[in-house]
Amino acid sequence: MVIVLLGPPGAGKGTQCKRIVDRFKLTHLSSGDILRSERTAGTELGKKAQSFMDAGKLVPDDLIIAMMSGAITKAKGNCVLDGFPRTVVQASELDRELERKGNSIDAIVNLVIDDSVVENRITGRRSCPACGAVYHLESLKPKVDGFCDKCKGQSLTQRVDDTPDVIRERLKTYHQQTSAVVGYYTGAGGEVLDVDADRAIDAVTAEIIKNLESLILAK
Ligand code: ADP
Ligand code: AMP
């Protein structure tokens, strides 16, 4: 089963994916998280991706497609895709790759939200380098300020690309290159579930899960 989560940076894709994978027993595949692990591990891919990520630009399609194709295979085709596809080329390659594997996309969720809201979400985002849990300075505070609830004693960190300048660039990139992916899917006759993401985390989750249950479990 393959679920795709679309939406601008800071829309809440990672936050919602963690809840979707719990409900449907799938693997969460975040292209951004995978790239950050590659960087931390100092791999060739991580080195090639670094300058694009730090500038808020997209990493070249060929690198991303190879990386995600490997990750989907490893997940045995049962996954929630977060941050991928981000271009129409990536979307059509994903279709081709899934078809080759006898698989296809079961549901596409698009988190809809204004740039003005996501700016605050991204600047306030803090995450745990040990377990990947994501918090927010105002909307999702840890129990002890600055420390992960699960990994006691682990300080939360801010992503290097979560600064106002890079956020502006990432939003520009989203509007110029990624928003067209929604049109790619609807143009191909696919059903894209638009969800208002400017609501409390639980309200957004409830709508997504309810819709996925009727869409997927009814199949
Ligand atoms: P994305 O994966 O789309 O970039 P995240 O899931 O990392 O976004 O969320 C960005 C930030 O916004 C995080 O700090 C997260 O805790 C917070 N957040 C996510 N969803 C909501 C929401 N519905 N309301 C308020 N804050 C949210
Ligand atoms: P994210 O964690 O989704 O906010 O992604 C962080 C950064 O990783 C982006 O700003 C891009 O530089 C890069 N990236 C993540 N996913 C992709 C993708 N599908 N295509 C190209 N670049 C990506």
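General observations
- For first residues located in the range 129-155 and in contact (Cβ under 8 Å) with a residue 40 or more places away in the chain, partners that are more than 16 Å from ligand 2 (Cβ to nearest atom) and open to solvent by 40 Å² or more (accessible area, probe 1.4 Å) and lie 6+ apart or on another chain with Cβ distances below 9 Å form the pairs VAL134/LEU140; SER139/ALA200; SER139/ILE201; LEU140/ILE201.
- Checked against (1) out of contact with any helix residue (DSSP H, G or I) (no Cβ under 9 Å at 6 or more places or on another chain); (2) part of a helix (DSSP H, G or I); (3) more than 14 Å from ligand 2 (Cβ to nearest atom), SER51 meets all criteria but (3).
- Among the residues listed as CYS128, CYS148, the single one being out of contact with any helix residue (DSSP H, G or I) (no Cβ under 8 Å at 6 or more places or on another chain), open to solvent by less than 30 Å² (accessible area, probe 1.4 Å), away from ligand 2 (no atom under 16 Å from the Cβ) and farther than 20 Å from ARG86 by Cα: CYS148
- When HIS28 is tested against (1) assigned to a helix (DSSP H, G or I); (2) over 24 Å from GLU169 (Cβ atoms), just one condition goes unmet, and that condition is (1).
This table checks each residue for (1) acidic (Asp, Glu); (2) open to solvent by less than 50 Å² (accessible area, probe 1.4 Å).
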| site | (1), (2) |
| --- | --- |
| LEU156 | no, yes |
| PRO164 | no, no |
| ARG170 | no, yes |
| THR178 | no, yes |
| TYR185 | no, yes |
| LEU193 | no, yes |
| ARG199 | no, no |
| ASP202 | yes, no |
| THR205 | no, yes |
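- Residue that is farthest from ASP33 (Cα to Cα) [pool: residues in the range 69-114 that are open to solvent by less than 60 Å² (accessible area, probe 1.4 Å), within 13 Å of ligand 1 (Cβ to nearest atom) and out of contact with any Cys (no Cβ under 7 Å at 6 or more places or on another chain)]: ILE113
- Lone unmet requirement of (1) touching a Leu at 6+ places or on another chain (Cβ under 7 Å); (2) touching a residue at least 60 places away in the same chain (Cβ under 8 Å); (3) open to solvent by less than 40 Å² (accessible area, probe 1.4 Å) for LEU45: (2)
- For GLY132, the criteria (1) in a strand (DSSP E or B); (2) within 13 Å of ligand 1 (Cβ to nearest atom) hold in every case but one, which is (1).
The values are calculated or read from the model by the stated rules, or taken from the named source; none is laboratory data. Predicted model only: the values in this text are computed from it and were never measured. Positions of Cβ are backbone-derived with ideal geometry, glycine not excepted, and every protein chain shown enters the neighbour counts. Areas reflect the complete protein model, heavy atoms only, side chains present, ligands, DNA and RNA absent. Shrake-Rupley method; radii C 1.70, N 1.55, O 1.52, S 1.80 Å.
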